[in-house]
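Here the structure is laid out as structure tokens; the discussion comes afterwards.
Bear in mind these aren't lab numbers, they're just calculated from the coordinates by the rules spelled out. As the structure is a computational prediction, the values presented were derived from the model and not from experiment. Because the Cβ atoms are built from the backbone with ideal geometry, glycine has one as well, and the counts that use them run over all protein chains shown.
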């Protein structure tokens, strides 16, 4: 039986209303933009790297609760991680929210990000949850084009 | 008489005179019986597409099961039956909007194609550099983009008549925008995003003073209020089957005979020609000139069955019921703290766009979906309208004559749940 709280958990509501790391990083090394035109979700992800590690991560943008909370929780999880660890986290998050994958990563591997497990039952909202992550990847790879998950 | 048409007419004649018995009407729509996320479906997305009564489903099935043949060619039995039903459907549509002649009914895929046809076939030969085309600030993209493309192609200018904060056309401003450079006016009869019913008689009168032809986008109007194209005196009228309880992929462009006769073909190929040689090809008269290729035969017959069904109930009765339901829905939605209605014109059809303060429309839509309630969220193919009201998106409720007050109550409970979840 579907329950609204399975998708809209307290942590998601909290992060959507009070997003963390919600500022433009003026001295960032990397940044990228994401935009889903059909639903209007917009995000810019900023990164400051020290060597191979993420020293600071922040974002700006506007959109639905899922996309905002996803960006907020993402920036919290990135600090101190190496690029390889960030990529692994991206893959695990993608697996978590995509219905096609039968293996759900353990909560211990994802920490707070596991709160998005409800998204897998709402395929239409997967793009909202993954927009910030795809934008993050684009920031690390340094492409320059605006990312979309639509 | 084909099996499909016969069945449809017998159903109409056999039905007893109705007072508005919505629970009886709901039994005609099989799709309404289902559950969504364990809750009864509350379908409030009729402006996106409407549900289909059993007689329409039967008409579609019977065409393919008993009368399936191509039309206008062939001397065999099935072809004759299919052709008869197809052309009778044209007469049904003619009567529905009180067109003077069945040849003024062109079958197209839908309202978008109808407008594209006029923009290309009429617009290209009547609009030149320096001319103007006038639309309004509340149009659907299908009544904006074809004109933008035409203006760019011809070096003409697109003018946009403004609307007020209630979503009503500023008629004075509209009139000021008419001048001797205006070559076409294209306006929504009813706004899909706001529900506003435009003062189309006055619009047409004003345009005609400047000898400017008018197209009315009737996609959201034809299902909900009686349309009489002779009385309106519009040059073109466009509407779709799938919003009128009929199948997708079929719609009507009404055009005054004198204009259609002077218009060049839109799409070309089979069916729209009278003779083809490599030296010269001659085209058919309207409406066939504009109907290239094998038509959506089943769709046309299904559309006519939907019209018969609606006529059986009566558009005036449907309009009155929906009007009452709209009044109720407007009243109860306005009472929810945090809900802002977008589109509060004095004269509206059964469309309510709204936002919940601090909550994105998609989150509203998802939570409502969990309660079994289907609404549409987004920009509704009316991005300029959204921008006019300073919102990225709205949630839109659109009513039909099979919706009930109880369903509106479920919607309200769902919206209250949204405000609860988002604190």
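Here the simple spin-label model places points 7 Å from the Cα toward Cβ, and for residue A:24 and residue A:3 these points are separated by 4.2 nm.
Can you compute the label reach from residue A:146? Point 7 Å from Cα along the Cβ direction, backbone N cut-off under 15 Å, restricted to the stretch A:25-48. In the stretch A:25-48, the label zone of residue A:146 (backbone N under 15 Å from the point 7 Å along Cα→Cβ) covers A:32-45. Computed from the Cβ-Cβ distance with R0 of 41 Å, the FRET efficiency linking residue B:233 to residue B:128 stands at 0.95.
Rg over Rh for the protein assembly as shown works out to 1.02, both radii taken from alpha-carbon positions and Rh defined as the Kirkwood radius. Counting other Cβ atoms within 10 Å as a rough exposure proxy, the listed residues B:409, B:180 run B:180, B:409 from fewest neighbours to most.
The angle separating the long axis of helix A:83-97 from the principal Cα axis of greatest extent in chain A is about 20 degrees. Does anyone have the angle between helix A:65-78 and the longest principal axis of chain A? Alpha-carbon axes, 0 to 90°, nearest 10? Approximately 50 degrees, to the nearest ten. Across peptide B:360-372, the mean count of Cβ atoms from other chains lying within 10 Å of each residue's own Cβ comes to 6.
Annotation: the stretch A:23-150 has a Kirkwood hydrodynamic radius of 14.4 angstrom, from the mean reciprocal C-alpha pair distance. Here chain B carries DSSP beta bridges of which approximately 60% are antiparallel, counting only pairs with both residues inside. Using R0 = 41 Å, the C-beta based FRET efficiency linking residue B:285 and residue A:11 works out to 0.05. Ordering B:57, B:260, A:89 by the number of other Cβ atoms within 10 Å of each residue's own Cβ, fewest first, gives B:57, A:89, B:260. The relative contact order of chain B comes to 22 percent, based on Cα pairs under 8 Å that sit 6 or more residues apart. The order of the peptides B:76-82, B:357-363, B:188-194, A:122-128 by mean Cβ neighbours within 10 Å, most packed first, is B:188-194, B:357-363, A:122-128, B:76-82. In chain A, the longest principal axis of the Cα atoms and the axis of helix A:123-141 are about 20 degrees apart.
Helix content alone sets the calculated 222 nm mean residue ellipticity of the protein assembly as shown: runs of n ≥ 4 DSSP H residues at -39500 (n - 2.57) each, divided across all residues, give -11500 deg cm²/dmol.
If all Cα-Cα distances of chain B are sorted into 20 Å bins from 0 onward, what percent lands in each bin, rounded to whole numbers? Using 20 Å bins, I get a P(r) of 26, 55, 19, 0 for chain B.
Counting every other Cβ atom within 10 Å of each residue's Cβ, B:206, B:272, A:74 order from fewest to most as B:206, B:272, A:74.
The order of the peptides A:26-33, A:39-46 by mean Cβ neighbours within 10 Å, most packed first, is A:39-46, A:26-33. Mean separation of Cα pairs under 8 Å and 6 or more residues apart, divided by the residue count, gives the stretch B:273-378 a relative contact order of 12 percent. Per residue, the Cα convex hull of the stretch B:247-354 amounts to 171 Å³. Shielding value for B:340-347 is 0, the average number of Cβ atoms from other chains within 10 Å of each residue's Cβ. Taking label points 7 Å from Cα along the Cα-to-Cβ direction, residue B:21 and residue A:100 give a separation of 5.1 nm.
Counting Cβ atoms of other protein chains within 10 Å of each residue's Cβ and taking the mean over peptide A:63-71 gives 4.
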